[in-house]
Amino acid sequence: MLDVEVVARLLRAKEVADLLAVSVWHLDQLRRDGLIKSVHVGSRTHRYHPDDVADFVRRRRG
């Protein structure tokens, strides 16, 4: 079970897409390809931990 404080820090797909300057659809494809980690919340919702987003950016710049 996820801690309430952890869930409060998770980013929505739209927020991450805006940070990465990509569409939500593209972000979903990155998630499906396993290039960025997500947390499954609810039946269809995916959220992103800020540390995982930062790690993705570091790998891409690298």
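What the table below lists for this structure:
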quantity	calculated
Along each principal axis, Cα extent of the chain, largest first, Å	32, 21, 19
Built amide H within the under 5 Å cut-off of His46, gap 5+	Val41
Under 5 Å, built H, 5+ apart or other chain: amide partners of Ile36	Arg31
Dipole axis of the chain (+1 Lys, Arg; -1 Asp, Glu on Cβ), positive-most option in Leu10, Val24, Ala54	Val24
Residue-by-residue Karplus 3J(HN,Hα) for the stretch 32-43, coefficients 6.51, -1.76, 1.60, Hz, glycine and proline x	5, 7, x, 8, 9, 7, 9, 10, 7, 10, x, 7
Fraction of accessible area attributable to carbon and sulfur, the chain (%, probe 1.4 Å)	51
Accessible solvent surface per residue of the chain, calculated while the other protein chains remain in place, 1.4 angstrom probe, Å²	76
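The values are calculated or read from the model by the stated rules, or taken from the named source; none is laboratory data. Since the model is a prediction, treat every value here as computed from it, not as a measurement. Every residue, glycine among them, receives a Cβ derived from its backbone with ideal geometry; neighbour counts consider all protein chains shown. We work out accessible area using only protein heavy atoms, side chains counted, and drop any ligands, DNA or RNA first. Shrake-Rupley method; radii C 1.70, N 1.55, O 1.52, S 1.80 Å.
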